[in-house]
């Protein structure tokens, strides 16, 4: 491929709305073009990277006995009504009517289609276990598209679904898929990927992991123990709080705290740190608008996913509070209305002599001892983990909080979909059984962006060899000189004859211009043919990561390139 | 891949609603599963065929300097408003609103996206010519989905768009693409493919060709000359009618023809053949409901596409006729109302002494001589070509009418999209120019179905080697016997080690059952390991097309298979 006819421009500067480095580089380098909010076209360099990533994924899915299939993008709503998700999922599921006025959806995930495909055919135990997967376009009507291909509305995804007779068999396969994912990300050249325990959310099921690229641009917060293997996303992370100080025992005493609304103000007023406060955080239940008050140690935050899971209900932070029930700013556990649901976080266990609201405007209590002053307190763990907190596995105070981007996920789904959609098989004894499912996703476009995010310098992406759009770029400086043209074209031809993918820059541009474009192309190996090099009988060979830059005799150029590519 | 775990069942009988052989075989063979009207999931054998077809297409598109890109499936309506097609295309374009209440469309073709991708980047003449293509899911809300993958609503398509500075350059590239298409279909193993001239329809542009698989199940009617290379679809076919008889000259005379409404009845009444009638066919113009009367020789039909193109207006056959203007059943050219548009087909030229309506209930004329009896007659060619008609190229009476399925098309688009969407480049003289475009499509799923339609017997598909889901099927009869199992597994392993794709049937089923499944898999070469064969020291090797069936010594099996695959 010649750069002169390659569609896509390289730009010196990124548009101002690029908030993420990989997005800026992929716009500047002529990889992607926005068509609408969260909707992109891909230029050839990006599409070639996508094809390579897809092939790596395909090989690894086939290696764990995956069967590649294809599900539709557009599905009848009836299928999603069978699972109940047509009604339970919000507006990220795009719904519309076809010309016959039938309700349809755009696939954002394909559990329903997978069960439908298996339903008439996996009816006997001899078929199990099996895994089917596809690589296909999906659409999720994201409210917050951002970061180029990092968070989009339309995306290419590999999604896989496995079907099992026993939980043990699912767990064994889940482990195989976990390892396949590690191989996929390693083969794509990613270094800082960790798998974290996650909350299964709307997918159903109990056990799930997210594969995260650790990066400051991540929107996910991860809890990681450097001393052991504990890794979790914040939503699923256990928080252990140890209150092992000697607390002086004091009486519960009312103090006058006029116009004091925040913990910070209160700390100043009473001269104590936030950890000695029993903080109230108020939520309302979506379905009936009732109040939930969480009491938690003053230096900690509520993990809303844990609270939601504990309550089994959707909740949201209370924006306004019913003043007949609660006195905003002065809510405390002693004497709180019996008409609100109260949750005590485990961080309060063992802590005494705390400051809390007095349920009366402009008053707080000091000296709170929950076990002494409140009847029947039961603790629930709903606090967010914190940096330096206690690892729930190794018990050391070694937790770190990091940011990550999710590039893959694996779920043990259980029978959520097979049960309601009527997928059954006959076992050895002629009994009807419901298969247990797993599902496994990788966003291909996001993976591409993440590779760029991790592997780059100030000048452009440094594509790993396994996914680079081309393997070698031949730069002909002054291709208008016959000797340069001849030498460069021979090199291109010889490399292509060996099966090497070559991008050939023969444009009449300056060396500086050509090299800054080459940095944006990010191709692993570069060969520079120029009048000066030809006079010296050499070709300059350099790597994109700037680790190698040598002049080699012309006849050794191919061997050197092969060496650098291997 | 083992048949025992392969998802998808084979069935003895096809569902009653299968009207096309390929559809019946692909349902019976476990290739496709309907999800909704015109929407299918593909099982692994079909997806493997699709991947192979896509790779053939990709190689041939790359070989004519194509740049693979990816456009979105979901596009903002604003893009389609730029071209005017958001309003001009009917309900086959699926429109909907996203969560932000923005109008969106599902891509059924991607001219707009291609121009949008090129618009900021192909701004100088040095970039031209170039061709970009994608292989992607499309959705067209077809009212009449039929025949399995033959006519669907959601489909995988290769669509390509080329951009040129001159018409000559477009024509040269068009010819290259034409040849690439011939190579693609040949490599996919199709034999009866012809390219026909076609009407460009809603795509715009002037010259276009459709690549048609000749098959009785086709919905397209083709006009083909066996004596020369003339090939056209019916819509675009020229019709030449020669009236070289000696017609007796007679007076225009009124005859009483009560209750005679059809040409057939009239033929009987006046004792003459249909070709001696001047038939009236009435249409109404969509936009203003006005009448158009076409006079045409009684034995011919009107080609509505040609009429539409001549009028430059959308029309439809008149269901009811304004009786104040026209006397239905008795319409003729003499004395017809001046308030209707009249079109004379060229088939009437040179014909004399005709029978026609008298524009009066229950009366016809005989002895019509148009040039004599009607003032200012001008002829237009709007008749359908007929079998045995005159070839417009070689002039012989050699036209044949055949049925075909469209598997690809190529269009010279001209500047229809580049003009209105503001794609411009600067030429050598610094002038702004509008590029000329071509576009080129292949439906991948339909191609797969067409291969099955053409290459099959009563027992199943006979997949050509180039696209077969696997290359070899190893059938182990009595895999429960250790010697059989060992021999079959070694064969599978040895073949796979050589890079051969193997389907391995190790199920404990009868030979008849296994072989009828194997016929439905349609894999080119079959190797049968059985107790009897092992006793004889042989493996039976057979081809799916039943042309080869031999016992070869075990140690020669691999060599024989290689020979058959090459």
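Beta bridges per DSSP, both residues in segment B:472-565: antiparallel share near 50 percent.
Residue of chain B with the smallest Cβ distance to the axis mapping B onto A, distance rounded to whole Å: B:96, 2. Normalised by the number of residues in chain A, the mean separation of alpha-carbon contacts (under 8 Å, six or more apart) gives a relative contact order of 17 percent. Counting Cβ atoms of other protein chains within 10 Å of each Cβ in B:22-34 and taking the mean gives 1.
Measuring r between the beta carbons of residue A:419 and residue B:289 and using R0 = 51 Å, the FRET efficiency lands at 0.30.
Note on chain B: along the principal axes its Cα atoms extend 95, 67, 48 Å, ordered by decreasing extent.
Here r is the Cβ-Cβ distance between residue B:387 and residue B:563 and R0 is 45 Å; the resulting FRET efficiency, rounded to 0.05, is 0.50.
Sorted shortest first, the separations between the residue A:340 label point and its copies elsewhere in the assembly read 8.3 nm; each point sits 7 Å from Cα along the Cα-to-Cβ line. Take the Cα radius of gyration of segment A:253-380 and divide it by 2.2 N^0.38 Å, N being the number of residues; the result is 0.99.
Express in whole angstrom the spacing between the alpha-carbon centres of segment B:458-530 and segment A:1-70. Between the Cα centres of segment B:458-530 and segment A:1-70 lies a distance of 39 Å. Counting only DSSP H runs of at least 4 residues, each contributing -39500 (n - 2.57), and dividing by the residue count of chain B, the helix-based mean residue ellipticity at 222 nm comes to -7500 deg cm²/dmol. In terms of surrounding Cβ atoms within a 10 Å radius of their Cβ, A:130, B:139 rank from fewest to most as A:130, B:139.
Report for chain A the percent antiparallel among DSSP-assigned beta bridges with both residues inside it, nearest 5.
Among the beta bridges of chain A, antiparallel pairing accounts for roughly 80 percent.
From least to most packed, judged by other beta carbons within 10 angstrom and beginning with the fewest, A:342, A:393 follow the order A:393, A:342. Shortest first, residue B:59 label-point distances to identical copies amount to 1.9 nm, with the label point at 7 Å from Cα along Cα→Cβ. Model label points for residue B:275 and residue A:146, set 7 angstrom from Cα along the Cα-to-Cβ axis, are 7.8 nm apart.
Shielding by partners for A:162-172, please: the mean number of other protein chain Cβ atoms within 10 Å of each residue's Cβ.
Working: counts 0, 1, 0, 0, 0, 0, 0, 0, 0, 0, 0.
The per-residue average across the peptide is 0.
Overall form of the protein assembly as shown: prolate. Here a/c, set by the Cα gyration tensor axes a ≥ b ≥ c, is 1.5 or more, and a/b is the larger of a/b and b/c. Taken over segment B:29-125, the alpha-carbon convex hull comes to 154 cubic angstrom per residue.
The simple Förster model, with R0 at 35 Å and r as the Cβ-Cβ distance, assigns residue B:125 and residue A:497 a FRET efficiency of 0.65. If you sort the three axes of the alpha carbon gyration tensor as a ≥ b ≥ c, you get a/c of 1.5 or more for segment B:118-196 and a/b no higher than b/c, which makes it oblate.
By other beta-carbon atoms within 10 Å, ranking B:240, A:528 with the fewest at the front produces B:240, A:528. For residue A:171, the distances from its label point to the matching points in the remaining copies are 7.3 nm, ordered from shortest, with each point set 7 Å beyond Cα toward Cβ. Relative contact order of segment B:472-565: 29 percent, from C-alpha pairs under 8 Å at least 6 residues apart in sequence.
Extension gain for residue B:103 to residue B:360 (0.36 nm times residue separation, less C-alpha to C-alpha distance): 87.2 nm.
Using C-alpha positions alone, give me the convex hull volume of segment A:472-565 per residue in cubic angstrom.
82 Å³
Read-outs: derived from the displayed coordinates by stated rules, not from any lab. In this text, all values refer to a predicted model and were calculated from it rather than measured experimentally. Counting neighbours? That spans all protein chains shown, and the Cβs are built from the backbone with ideal geometry, glycine included.
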